[in-house]
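Please read the structure below before turning to the comments.
The values are calculated or read from the model by the stated rules, or taken from the named source; none is laboratory data. Small disclaimer: the values here were computed from a predicted structure and weren't measured. Neighbour counts run over all protein chains shown; Cβ positions are idealised from the backbone, glycine included. Surface areas here come from the heavy atoms of the whole protein model, side chains and all, with no ligands, DNA or RNA. Shrake-Rupley method; radii C 1.70, N 1.55, O 1.52, S 1.80 Å.
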Amino acid sequence: MIKSRPFFFLLILSGIVLACEDVIEVAVPTTKPRLIVDALMRVDTTQQFFDVAVKVSETTNFFEEIAVTTLEEATMIFTTTRKDGLVLGTGVVPLMEVNPGSGVYVLEPGIETATVLGEDDVLFTLILEHKGRKYAAQTRYVPAAEILDVVQGSDTLFDDEETEVVITFKDDSAIDNFYIFDLDFNKFLVSEDAFYNGQEFQFSYFYDKNLNSGQEVTISILGADRTFYNYMDELITQSEQPQGPFQTPVSTVRGNVFDITGLDNINIVDNAERPNDFPLGYFGIVQEFKKTITIQ
């Protein structure tokens, strides 16, 4: 009897704890789904064509997976203008869904790289139709600086669990440049040449974990204009903030895709008069240089 008494008390205590449990229903915010457009196209100027792919999905409520969606139509318009302002021509091509229900729309075999490397100005306009609404985005090709070297370093920033990678590139002094660095593993950095214009520049990036010996890491530098730079800077800032499951983001990061439903002039690509009608995502065509290293 004496030996069983602690077990008896434990049963009583467990019953009390269970009796005190209440189911709490938390009202999470619900919003109407928004179209998400992933249309960043990376140009390797050593290739004859560069890939054209647009991936679309929709936002969902809390605790739900991002949902793939489909479009009624996806079109790209090319407008080529000479330096003196003379419009040389306009072309319209449809984008086709890779597989039914995939939400990925492509142009085969892509766009000829020579199209963006000439002296003429080429404006690309992306037109999407989704659930009865029309969306548009415009961009021009943006070049990047070539990566000169990527090597593994031996320094650490905070602790011994880090891995240092040292990146070297040379900025073009002819124009003000903005850059996006894709550091693999969904890690990104933004940079502008305000303090190294026209110079060779080197910096270190520290991965917050030891990368395995023999593991490959691919570093890319992407060209960017100020709009793309600001967009990525805000995305990176918000993604690095510690946010609880019920914390509201500081702001919604809007890209350069706009809801143009009902607008008569396709050149008016904004929705300033309708602040609540907007999709998410970005459309860009940028040069990419990349190097892959093997961790020692």
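Summary of values
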| read-out | value |
| --- | --- |
| Filter result (modelled with pLDDT of 95 or more, more than 20 Å from Val253 (Cα to Cα) and open to solvent by 70 Å² or more (accessible area, probe 1.4 Å)) within region 202-232 | Gln202, Glu216 |
| Pairs where the first residue, in region 103-115, is under 8 Å from Gln48 (Cα atoms) and in a strand (DSSP E or B) and the second is among the hydrophobic types (A, V, I, L, M, F, W, C) and at pLDDT 95 or above, C-beta under 8 Å, 6+ apart | Glu112/Phe49 |
| Test: residue in region 12-24 that is of a type in the set (D, E, K, R), at pLDDT below 80 and either over 20 Å from Gly103 (Cα atoms) or more than 20 Å from the chain's Cα centre (by Cα) (or both) | yes |
| Given (1) in contact with a Ser or Thr (Cβ under 7 Å, 6 or more places away or on another chain); (2) within 25 Å of Ser154 (Cβ to Cβ); (3) assigned to a strand (DSSP E or B); (4) open to solvent by less than 60 Å² (accessible area, probe 1.4 Å), number of the condition Tyr179 does not satisfy | (2) |
| Test: residue in region 246-254 that is more than 30 Å from Glu161 (Cα to Cα) and modelled with pLDDT of 95 or more | no |
| Matching strands (runs of 3 or more DSSP E) fully within region 120-172 where at least 2 residues are of a type in the set (Val, Ile, Thr) | 121-130, 147-152, 163-170 |
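Matching residues to (1) part of a loop (DSSP other than H, G, I, E, B); (2) surrounded by fewer than 11 Cβ atoms within 10 Å (Cβ to Cβ); (3) touching a Lys or Arg at 6+ places or on another chain (Cβ under 6 Å):
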site: Gln47; (1), (2), (3): yes, no, no
site: Thr70; (1), (2), (3): yes, no, no
site: Ala74; (1), (2), (3): no, no, no
site: Gly85; (1), (2), (3): yes, yes, no
site: Val93; (1), (2), (3): no, no, no
site: Pro100; (1), (2), (3): yes, yes, no
